[in-house]
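Okay, structure first, notes after.
The values are calculated or read from the model by the stated rules, or taken from the named source; none is laboratory data. Computed from a predicted model, the values in this text were never measured in an experiment. Note: ideal-geometry Cβ built from the backbone for every residue, glycine included; neighbour counts use all protein chains shown.
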Amino acid sequence: MGCFLNGILKLINMRKLAIIDIDGVLCDYPNEVFFNFIFKQINKKFISKDEIISNFGETEYERLKLEYRLSGEKLKIKPKPFAKESLFKLKEQGFEIWIVTSRPRWDPVARHTFLWLTKNSFVFDHLMFIDKKGELKLNSNYEQLIIIDDDYDGLVDYVESENVTLIHFTENQEQKHNKVHTISSWIEFDRLIFNYHTILYKL
Ligand SMILES: [Mg+2]
């Protein structure tokens, strides 16, 4: 009996954790809001970061990016379709949700990031500003760990972790590692995670 109870207690204590990036995952990156801001500043329409850099150089690009970050324009960015719903489903299934971004920690960026998440009704437990995602220390044993990032380098350090589902959010469908899933929309995430669960729970 004691053994049985221990087993149950162990199950209850096992945590489910989802680690989710913002830029390129919860919203497009770069996006229209940024390009419109650049247009207002220098009266030229761009469609990629590289294009801005090759026209104005790295220093000017960084200056524009800083102005953009200070402007509060980021609050206007639209979330990717069904991102909010997927986070809600994760929460319903007992996942702890950590939003982990490499945006800078200083204000107003940090404050605007928190505001943007709440204004767009994202459910989450923690918001973390971490420059190098791979350095995030995960020391508990997780019943299930999901990590979603548009930056492959943010995922590759976790391929050896136990019970981990690594998801690369990218338009480029080429799979870089057999342990890293590739998705380009939250609908695909839904199919990957929740259909899989439905099957598991039916067993
Ligand atoms: Mg990102």
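Name the residue that is farthest from the chain's Cα centre (by Cα), counting only residues in the range 144-167 that are farther than 13 Å from I19 by Cα and among the β-branched types (V, I, T).
V159
When the residues of the range 99-140 are filtered to those that are part of a helix (DSSP H, G or I) and among the basic types (K, R), which remaining residue is nearest to the ligand (Cβ to nearest atom)?
Taking the candidates together, the pick is K133.
Spot the failing condition for P30; the list is (1) at pLDDT below 95; (2) outside any loop (DSSP other than H, G, I, E, B); (3) within 19 Å of the chain's Cα centre (by Cα); (4) not hydrophobic (A, V, I, L, M, F, W, C), and only one is missed.
(2)
Residues being outside any helix (DSSP H, G or I), touching a helix residue (DSSP H, G or I) at 6+ places or on another chain (Cβ under 6 Å) and not charged (D, E, K, R): count how many of those fall in the range 33-53.
Here the count works out to 1.
Only one residue in E143, E96, E67 is among the acidic types (D, E), part of a helix (DSSP H, G or I) and more than 14 Å from the ligand (Cβ to nearest atom). Which one?
That would be E67, the only listed residue that is among the acidic types (D, E), part of a helix (DSSP H, G or I) and more than 14 Å from the ligand (Cβ to nearest atom).
Hey, can you tell me all the residues within the range 50-66 that are closer than 26 Å to M128 by Cα and either exposed (fewer than 13 other Cβ atoms within 10 Å of the Cβ) or touching a Phe, Trp or Tyr at 6+ places or on another chain (Cβ under 7 Å) (or both)?
E62, L66
What are the residues in the range 83-117 that are among the basic types (K, R) and within 14 Å of E73 (Cα to Cα), if any?
The answer is R111, and nothing else.
Output the number of residues of the range 110-123 satisfying the condition of being touching a helix residue (DSSP H, G or I) at 6+ places or on another chain (Cβ under 9 Å) and surrounded by fewer than 18 Cβ atoms within 10 Å (Cβ to Cβ).
Counting residues in the range 110-123 that are touching a helix residue (DSSP H, G or I) at 6+ places or on another chain (Cβ under 9 Å) and surrounded by fewer than 18 Cβ atoms within 10 Å (Cβ to Cβ) gives 5.
Among the candidates E174, E188, single out the residue that is away from the ligand (no atom under 15 Å from the Cβ) and surrounded by fewer than 13 Cβ atoms within 10 Å (Cβ to Cβ).
Result: E174 is the single residue among E174, E188 that is away from the ligand (no atom under 15 Å from the Cβ) and surrounded by fewer than 13 Cβ atoms within 10 Å (Cβ to Cβ).
Of a type in the set (A, V, I, L, M, F, W, C) and modelled with pLDDT of 95 or more: which single residue out of I47, I52, I97 fits that description?
I97
Could you give me the residue pairs with C-beta distances under 7 Å whose first residue belongs to the range 150-174 and is within 22 Å of Y29 (Cα to Cα), whose second residue is small (G, A, S) and modelled with pLDDT of 85 or more wherever it lies, and which are 6+ apart or on separate chains?
Close Cβ pairs (under 7 Å, with a partner that is small (G, A, S) and modelled with pLDDT of 85 or more) amount to D150/G24; F169/G24; T170/S184; E171/S184; Q173/S184.
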